[in-house]
1. In the set A:Leu107, A:Leu96, which member is surrounded by fewer than 21 Cβ atoms within 10 Å (Cβ to Cβ) and outside any strand (DSSP E or B)?
2. I'm checking my understanding of the structure. Among residues of segment B:68-82 that are open to solvent by 20 Å² or more (accessible area, probe 1.4 Å) and under 14 Å from B:Met28 (Cα atoms), which one is farthest from the other protein chains (Cβ to nearest Cβ)?
3. Where residues in segment A:21-43 are aliphatic (A, V, I, L, M) and surrounded by 22 or more Cβ atoms within 10 Å (Cβ to Cβ), which of them is farthest from the other protein chains (Cβ to nearest Cβ)?
4. Tell me yes or no: at least one residue of segment A:17-40 is free of Cβ contacts under 8 Å to residues at least 24 places away in the same chain, within 24 Å of B:Ser63 (Cβ to Cβ) and not in a strand (DSSP E or B).
5. For B:Ala49, indicate whether it is open to solvent by less than 30 Å² (accessible area, probe 1.4 Å), closer than 22 Å to A:Thr43 by Cα and more than 12 Å from every other protein chain (Cβ to nearest Cβ).
6. Give A:Ala91, A:Ala72 a once-over and let me know the one that is touching a residue at least 24 places away in the same chain (Cβ under 8 Å), more than 10 Å from chain B (Cβ to nearest Cβ) and within 30 Å of B:Lys52 (Cα to Cα).
7. For segment A:76-88, give me each residue that is more than 14 Å from chain B (Cβ to nearest Cβ) and open to solvent by less than 10 Å² (accessible area, probe 1.4 Å).
8. For segment B:17-42, which positions are closer than 30 Å to A:Ser9 by Cβ, surrounded by 13 or more Cβ atoms within 10 Å (Cβ to Cβ) and out of contact with any Cys (no Cβ under 7 Å at 6 or more places or on another chain)?
Amino acid sequence: QSVLTQPPSVSAAPGQKITISCSGSSSNIGSTSVFWYQQLPGTAPKLLIYDNNKRPSGIPDRFSGSKSGTSATLGITGLQTGDEADYYCGAWDNSLTAVVFGGGTKLTVL
Amino acid sequence: EVQLVESGGGLVQPGGSLRLSCAASGFMFTTYWMHWVRQAPGKGLEWVANIKQDGSEIYYVDSVKGRFTISRDNAKNSLYLQMNSLRAEDTAVYYCARALGGPGGYWGQGTLVTVSS
């Protein structure tokens, strides 16, 4: 049981847009910054979003992040087959004094 | 080029010990918090521990407290994870990562730890 809650899967056609939700509590998302990672099959996770909505250099603006209260959302527009991956949200939890992750969301581009 | 290279994984019996190492290069190691994150086969990510730049702050996930010890040697640009009293549920790929939630977030390729008799 993950501290942060994500939908197990999401799917859409190429060119479409999707959103992935990440729900937490006042001790994590509600009071700290959210980050998002993409894990392509068989590879290490790659940072997509940090500080709720900032993209590291090299990450296309098709990827976006937002936060409201105790929830966060990852958005991907112009879906490509290469976006098929597992996506994880994460944040620091002030009560647990630990980094917590969501259970991951598998994106399928049909 | 930023590189994080983990080593030290392998097969160990329940109750045994392993020491993982992570060699960092291509960046100023002393300016980053460092982390260990693990991923059991077919499962999601689980954060294990982190350590501040100078080693003055360390945190662990509850399930490894008292069994695992994270440390770093800034002179050698290296991060370590001493794992004792290993259990079957510790079986996972262990990743070394820098600045997990910051702009410099970067992970190594991981090393597999298998705990089995």
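1. Details: A:Leu107 fails: outside any strand (DSSP E or B).
Criteria check complete, one pass: A:Leu96.
2. So the first thing to find is which residues in segment B:68-82 are open to solvent by 20 Å² or more (accessible area, probe 1.4 Å), and the list is B:69, B:71-77, B:80, B:82.
In the following step, the residues that additionally are under 14 Å from B:Met28 (Cα atoms) were identified as B:72-77.
Working: B:Arg72: 17, B:Asp73: 22, B:Asn74: 22, B:Ala75: 26, B:Lys76: 22, B:Asn77: 19 Å.
If we take residues in segment B:68-82 being open to solvent by 20 Å² or more (accessible area, probe 1.4 Å) and under 14 Å from B:Met28 (Cα atoms), then B:Ala75 is farthest from the other protein chains (Cβ to nearest Cβ).
3. First pass over segment A:21-43, keeping only residues aliphatic (A, V, I, L, M): A:29, A:34, A:40.
From what's left, surrounded by 22 or more Cβ atoms within 10 Å (Cβ to Cβ): A:29, A:34.
Working: A:Ile29: 12, A:Val34: 8 Å.
Restricting to residues being aliphatic (A, V, I, L, M) and surrounded by 22 or more Cβ atoms within 10 Å (Cβ to Cβ), the top hit is A:Ile29.
4. Looking only at segment A:17-40, we keep the residues that are free of Cβ contacts under 8 Å to residues at least 24 places away in the same chain, and these are none.
No, there is no match, as no residue in segment A:17-40 is free of Cβ contacts under 8 Å to residues at least 24 places away in the same chain, within 24 Å of B:Ser63 (Cβ to Cβ) and not in a strand (DSSP E or B).
5. Details: open to solvent by less than 30 Å² (accessible area, probe 1.4 Å): yes; closer than 22 Å to A:Thr43 by Cα: yes; more than 12 Å from every other protein chain (Cβ to nearest Cβ): no.
Criteria not met by B:Ala49.
6. Working: A:Ala91 fails: more than 10 Å from chain B (Cβ to nearest Cβ).
Every option except A:Ala72 fails the conditions.
7. If we filter segment A:76-88 for residues that are more than 14 Å from chain B (Cβ to nearest Cβ), which is where we start, we get A:76-84.
Selection gives A:Ile76, A:Leu79, A:Asp83.
8. If we filter segment B:17-42 for residues that are closer than 30 Å to A:Ser9 by Cβ, which is where we start, we get B:35-42.
Add one more test, that the residue is surrounded by 13 or more Cβ atoms within 10 Å (Cβ to Cβ), and what stays is B:35-40.
Correct list: B:His35, B:Val37, B:Arg38, B:Gln39, B:Ala40.
The values are calculated or read from the model by the stated rules, or taken from the named source; none is laboratory data. All figures in this text were calculated on a predicted structure; none of them were measured in a lab. Quick reminder, even Gly has a Cβ in these numbers, built from the backbone with ideal geometry, and neighbours come from all protein chains shown. We work out accessible area using only protein heavy atoms, side chains counted, and drop any ligands, DNA or RNA first. Shrake-Rupley method; radii C 1.70, N 1.55, O 1.52, S 1.80 Å.
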